[in-house]
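First the structure, in the form of structure tokens, and then the observations on it.
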Amino acid sequence: MRRRIVAGNWKMNTTHSEAMELVEGLKANLTEDIVGETGVIIAPPALFLNDVVESLVENEFIAVAAQNCHHEESGAFTGEISAPMLASLDLDAVIIGHSERRQYFGETNADCKVKIGQALNNELAAIYCIGETLEERKSGQFMEVILKQCAEGLEGFIAEDMDNIILAYEPVWAIGTGEVASPEQAQDVHAGIRTWLAERFDSETAENVTVLYGGSCKPGNAADLFAKKDIDGGLIGGASLSADDFTAIIAARTNA
Ligand code: PGA
């Protein structure tokens, strides 16, 4: 079901006490008026997920996601975290294929496909990240890159699976750089993704998949991005580390 969503990816930031403080700040800020129909998701570091979930037991607004999971169920993979482990903490979702995972940890579209399968098998929604590098944008071939990420990462999934897969378009050149895609640039890509979804699945699925924008989305530019018809919300990095900024972005989504 297509939803308005604002998700915060905290990445490798916050100590335990800072994480809990940030959650408390969000709990205090988020009222029915601000949240409205917007789905709010936070993705703290894995180490703090359990405490964050516990502190949100009574909170009706904030869902919790992990930033990554391993592609196997269990086994001899020292230091890794599996989807069943995440599910056992009552998480709601997991981010898959973030460009930093692709860039620094060599994750491929094929890896992402297996991880998305792990997420779905364990009743976690998958937030699948796609997006081109600056070189790919400049080459003019960026849509091919993005659609290849879609095709290979979603290979084998059927229309019903898309109920539990959220797409996040995050141009790599806009992540953490302060350089944001213009609303028109983002809208064009989102529309292209939806056209692809209609061809790959069907038009109803294309209409129903939630497609988020990510990359230097801030309180000052969120409303213009969210006003575009194919941009359903945002995956927020830097600005999700401030309870007030993240709240302002949620409000922008609710009011757009
Ligand atoms: P940013 O990160 O908002 O700091 O650019 C976005 C992301 O990587 O999800």
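The values are calculated or read from the model by the stated rules, or taken from the named source; none is laboratory data. All of these numbers come straight from a predicted model, not from anything done at the bench. Positions of Cβ are generated from backbone atoms using ideal geometry, with glycine treated the same way; all protein chains shown enter the neighbour counts.
Scanning region 96-106 for residues that are assigned to a loop (DSSP other than H, G, I, E, B) and within 16 Å of the ligand (Cβ to nearest atom) yields a total of 2. Residues that are under 20 Å from GLU144 (Cβ atoms), under 18 Å from the mean Cα position of the chain (by Cα) and assigned to a helix (DSSP H, G or I) within region 161-196 comprise VAL172, TRP173, ALA174, ALA186, GLN187, VAL189, HIS190, ALA191, ILE193, ARG194, listed in sequence order. For region 112-154: of the residues being assigned to a helix (DSSP H, G or I), in contact with a strand residue (DSSP E or B) (Cβ under 6 Å, 6 or more places away or on another chain) and among the small types (Gly, Ala, Ser), which is surrounded by the most Cβ atoms within 10 Å (Cβ to Cβ)? Result: ALA119. The set of residues in region 242-256 being modelled with pLDDT of 95 or more and either within 16 Å of the ligand (Cβ to nearest atom) or not in a helix (DSSP H, G or I) (or both) consists of SER242, ALA243, ASP244, ASP245, PHE246, THR247, ALA248, ILE249, ILE250, ALA252, ARG253. Looking across LEU26, LEU56, one residue alone is at pLDDT 95 or above, over 23 Å from GLN118 (Cα atoms), aliphatic (A, V, I, L, M) and surrounded by 21 or more Cβ atoms within 10 Å (Cβ to Cβ). It is LEU26. Scanning region 189-241 for residues that are surrounded by fewer than 16 Cβ atoms within 10 Å (Cβ to Cβ), touching a residue at least 40 places away in the same chain (Cβ under 8 Å) and within 14 Å of the ligand (Cβ to nearest atom) yields no hits at all. Only one of the numbered conditions (1) modelled with pLDDT of 95 or more; (2) touching a helix residue (DSSP H, G or I) at 6+ places or on another chain (Cβ under 8 Å); (3) charged (D, E, K, R) is violated by GLU179, and that is (1).
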